[in-house]
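The block underneath contains the structure these notes are about, expressed in structure tokens.
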Amino acid sequence: MIQDIFPAKFYNHYKEQKFCASDSAFFFSEGKVLARYNQESQSLSFPTWGDFHSQSGVPTYLFSIDNQKYFLMPEKAALSADLFDFSFYTLRQLRDLPLATEAKTSLFAVFSAYHLWKWYDDNKFCGHCGHPLEHDFVERALFCPVCKSKIYPRINPAVIIGILNQTKDKILITKYRTGYAHSALVAGFTEFGETLEQTVEREVMEEVGLKVKNIRYYKSQPWALAQDILAGFFCEVDGDETIRMDEGELKYAEWVSREEVELQPNDYSLTNEMMKLFKSGGSI
Ligand SMILES: [Zn+2]
């Protein structure tokens, strides 16, 4: 999965950090990130702080992977001639690029940076009094100097659901009407006041009209594209197996046997890992 970067280690703890010319510096503009793809080595690289014009302002510390520190450049940062061979990419474009195994750490880094960039970009003013927010230098937070409100990074809980039929030889595969084109599982955001298991029951009923039982947790995954923490669950249908698809959300929902499961083109998502586990006959 995208977060599986072992033996590299991800350090998300916030502390005030000094930056130097060799630190990685993400620069986002309208949701796209400045990056360079090397087709020959199938690798991905990002600018360093030293590549930007010296008048670009103070970058914000994001996280480290091993000894490499990653910063976020201010939105008004000035691009210098050193950046001429970099281009702006959406995360979806980066996700679809063929990447060598060791380059997958870079993909996880840019996804994680996007999560924090989106949060900073969406939170420039205090929702309570409207005053511009400032960066807290003790923890990962924004604060309002007038009314003292504190805002922490947004992380949306959501579930991914592998639904098996009663004989456990078929899994319910979906395709969404918009967005990602490949095979998926039933999924949805947790609403206020419900447990993750209740989200599973509600989403399955809303999207495919089925009752489920034996809901069991599998694994979780941070998924920065929607600022999510995804929790994967398996369960079995309880009673009638007739699918009643929500046509507003899905364009395909069918019971599919192990041999017929079509996996996604890469192994970044929890959804794909769950489909793969079923397809390979693994214990679920
Ligand atoms: Zn305020």
Breaking point among (1) within 24 Å of Leu225 (Cβ to Cβ); (2) more than 21 Å from the chain's Cα centre (by Cα); (3) of a type in the set (Phe, Trp, Tyr), for Phe52: (1)
field: Cβ-Cβ under 7 Å pairs, at least 6 apart or on other chains, segment 1-24 side closer than 25 Å to Glu139 by Cβ, far side assigned to a loop (DSSP other than H, G, I, E, B)
entry: Ala8/Asp66; Lys9/Asp66; Tyr14/Glu139; Tyr14/Arg140; Glu16/Phe137; Phe19/Pro59; Ser24/Phe46
Segment 113-132, residues that are more than 16 Å from the ligand (Cβ to nearest atom) and in contact with a strand residue (DSSP E or B) (Cβ under 6 Å, 6 or more places away or on another chain): Ala113, Leu116, Trp117
statement: Filter segment 73-99 for residues that are free of Cβ contacts under 8 Å to residues at least 40 places away in the same chain and not in a helix (DSSP H, G or I); the one that is nearest to Leu116 (Cα to Cα) is Pro74
message: I need the full set of residues from segment 126-152 which are touching a Phe, Trp or Tyr at 6+ places or on another chain (Cβ under 7 Å) and touching a residue at least 60 places away in the same chain (Cβ under 8 Å), in order please.
response: Glu139, Arg140
query: Just for strands (runs of 3 or more DSSP E) wholly inside segment 100-209: which have at least 1 residues that are of a type in the set (D, E, K, R)?
result: 170-176
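To keep it simple, each residue is scored yes or no on (1) among the basic types (Lys, Arg); (2) assigned to a helix (DSSP H, G or I); (3) at pLDDT below 95.
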{"position": "Gly232", "(1), (2), (3)": "no, no, no"}
{"position": "Glu236", "(1), (2), (3)": "no, no, no"}
{"position": "Glu241", "(1), (2), (3)": "no, no, no"}
{"position": "Glu260", "(1), (2), (3)": "no, no, no"}
{"position": "Pro265", "(1), (2), (3)": "no, no, yes"}
{"position": "Asn272", "(1), (2), (3)": "no, yes, no"}
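Matching residues to (1) modelled with pLDDT under 95; (2) within 16 Å of the ligand (Cβ to nearest atom); (3) not assigned by TED's automatic domain parsing to the domain that holds Ala224:
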site	(1), (2), (3)
Leu72	no, no, yes
Ala77	yes, no, yes
Phe84	yes, no, yes
Tyr89	no, no, yes
Arg92	yes, no, yes
Thr101	yes, no, yes
Glu134	no, yes, yes
Val138	yes, no, yes
- prompt: Which one of these does Ala226 not meet: (1) of a type in the set (A, V, I, L, M); (2) more than 23 Å from Asp96 (Cα to Cα); (3) in contact with a Phe, Trp or Tyr (Cβ under 9 Å, 6 or more places away or on another chain); (4) surrounded by fewer than 17 Cβ atoms within 10 Å (Cβ to Cβ)?
  reply: (2)
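The values are calculated or read from the model by the stated rules, or taken from the named source; none is laboratory data. All values derive from a computational prediction rather than experimental measurement. When we count neighbours, we look across all protein chains shown, and the Cβ atoms used for this are built from the backbone with ideal geometry, even at glycine.
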